[in-house]
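The values are calculated or read from the model by the stated rules, or taken from the named source; none is laboratory data. Keep in mind the model is a prediction, meaning the values are calculated, not measured. Virtual Cβ from ideal backbone geometry, glycine too; neighbours counted across all protein chains shown. Quick note on the areas: whole protein, heavy atoms, side chains included, nothing else; ligands and nucleic acids left out. Shrake-Rupley method; radii C 1.70, N 1.55, O 1.52, S 1.80 Å.
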Amino acid sequence: MTILSISNLYKTYENGHRALDGLTLSIQKGTITGFLGLNGAGKTTTIRILAGLTGKDSGTITLFGNEISPGDVASKKLLGFVLDEPLYFDWMTPEEYLLFVGVMYGLERSEARMRCEELIEFFDLDEKVDDPIATLSTGMKKKISLAAAVIHKPELVVLDEPLEGIDPLAARSIKETLKMTARNGTTVFITSHVLDTVEKLCDEVAVIHRGKVLLQCPTSEVHTKVQSTLDSAVRPTLEELFVDLVSEHAAKRPLSWL
């Protein structure tokens, strides 16, 4: 079942930069899909449009077959987000913030408190539960963002670089959570530059380059599909495949003074 479908999505900023150039992709229910691309490829723009923080020029976005718009509150309740630059009420403690988010999404206060307590324990936030979010580390903040994104048990969780800038232990907690939510039927759409993690974590991979999806397929088929578009040389890792696939942009002229 297709839970999210994006068709011919275009976005050009005021400075003339075209961030999305007819982007088209679909996300299947219960899968973890990795969204890969170079810096500036259009990943964050796509997610900010999904979140309603940036407007699209044209194209359609459907969730469960229904087209969504920035003011569509009902659809937004089915989503959870971790943005590239998460926004908090950072004077709150983790417990206060998660309780607020849960109630905001319509949970009964008792249910929101129960989920809040479980999430704090799961993410090892116990020792910092009474500290203002503003005083916490980047890894702690990422954990709080993910906890806030899943507290209402959304149908689709969208994450923009959730593993960036955090330690291996925090990354493991986040990856465990993503696998757990997918097993329980929640769909996960994640961007990451950690290609080894994407290869091990994701069921599907979509590669975006200059605002277009170059490739979308099950992770198990990436090697075969990319090899067939390049040549017969063996590229054993997803990183090598990815670099070759977008090599026209990745190639650099040598420095003249070295």
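Before rounding to the nearest 500, sum -39500 (n - 2.57) across all DSSP H runs of length at least 4 in the chain and divide by the residue total; then give [θ] at 222 nm in deg cm²/dmol.
Estimated from H runs of four or more residues: -10500 deg cm²/dmol.
For F100 and Y10, calculate 0.36 nm times their separation in residues minus their Cα-Cα distance, and state this gained length in nm to one decimal.
Result for the pair: 28.9 nm of gain on full extension.
What residue among G16, G30, G165 has the largest mean-square fluctuation in a Gaussian network model of the chain, using Cα springs under 10 Å?
Maximum fluctuation in the GNM of the chain, among the listed residues, is at G16.
Select one label from [x] 67, 35, 31; [y] 72, 39, 38; [z] 58, 43, 38: the one whose number is Cα extents along the principal axes in Å as derived from the coordinates shown.
[z]
Could you give the nm distance between label points at N39 and T2, where each point is 7 Å from its Cα heading toward the beta carbon?
Here the modelled spin labels are 3.4 nm apart.
Tell me the per residue accessible area of segment 1-60 using a 1.4 Å probe; a whole number in Å² is fine.
Per-residue value: 41 Å².
Would you list, by chain and number, the lysines whose Cα falls below 17 Å from the Cα of K29, excluding same-chain residues fewer than 8 positions away?
Answer for K29, where 17 Å is the Cα cut-off: K76, K77, K153, K179, listed by chain and number.
Give the distance, in whole Å, between the Cα centre of segment 1-55 and the Cα centre of segment 146-165.
Answer, in whole Å: 17.
How far is helix 138-150 tilted off the main Cα axis of the chain, in degrees rounded to 10, range 0 to 90?
80 degrees
How much length would be gained if the chain were fully extended between C217 and S26, taking 0.36 nm per residue of separation minus their Cα-Cα distance, in nm to one decimal?
Full extension from C217 to S26 adds 67.7 nm.
Quick one: pull the percent of accessible area on the chain belonging to carbon and sulfur, 1.4 Å probe, ligands and nucleic acids left out.
Exposed carbon and sulfur together represent 51 percent of the surface.
In whole Hz and in residue order, list the ³J(HN,Hα) couplings for segment 178-191 that follow from phi through the Karplus curve 6.51 cos²θ - 1.76 cosθ + 1.60, θ = phi - 60°; x for Gly and Pro.
Going residue by residue, I get 5, 5, 5, 5, 5, 4, 8, x, 7, 8, 10, 10, 10, 9 Hz, with x marking Gly and Pro.
Ignoring ligands and nucleic acids, what accessible area does S26 show with a 1.4 Å probe (Å², nearest 10)?
Its heavy atoms expose roughly 40 Å² to the probe.
How would you classify segment 118-171 from its alpha-carbon gyration tensor, with a ≥ b ≥ c the square roots of the eigenvalues: rounded for a/c under 1.5, else prolate if a/b is greater than b/c, otherwise oblate?
oblate
Ranked from highest to lowest mean number of other Cβ atoms within 10 Å per residue, what is the order of the peptides 52-60, 89-97?
Those peptides, ordered most packed to least, come out 89-97, 52-60.
Can you give me the accessible area per residue for segment 126-176, using a 1.4 Å probe, in Å²?
That works out to 43 Å² for each residue.
So for the pair A134, S110, with labels modelled 7 Å out along Cα→Cβ, what separation do we get in nm?
For A134 paired with S110, the spin-label model returns 3.6 nm.
For segment 11-71, what does the alpha-carbon gyration tensor say about shape, rounded, prolate or oblate, given a ≥ b ≥ c as the root eigenvalues, a/c under 1.5 as rounded, and a/b over b/c as prolate?
Oblate, because a/c is 1.5 or more while a/b does not exceed b/c.
Applying a 10 Å radius around every beta-carbon, put 74-82, 200-208 in order of their mean neighbour count, most first.
Ranked by mean Cβ neighbours within 10 Å, highest first: 200-208, 74-82.
Where does each of 143-154, 125-136 land if you order them by average Cβ count within 10 Å, highest first?
Descending mean neighbour count gives 143-154, 125-136.
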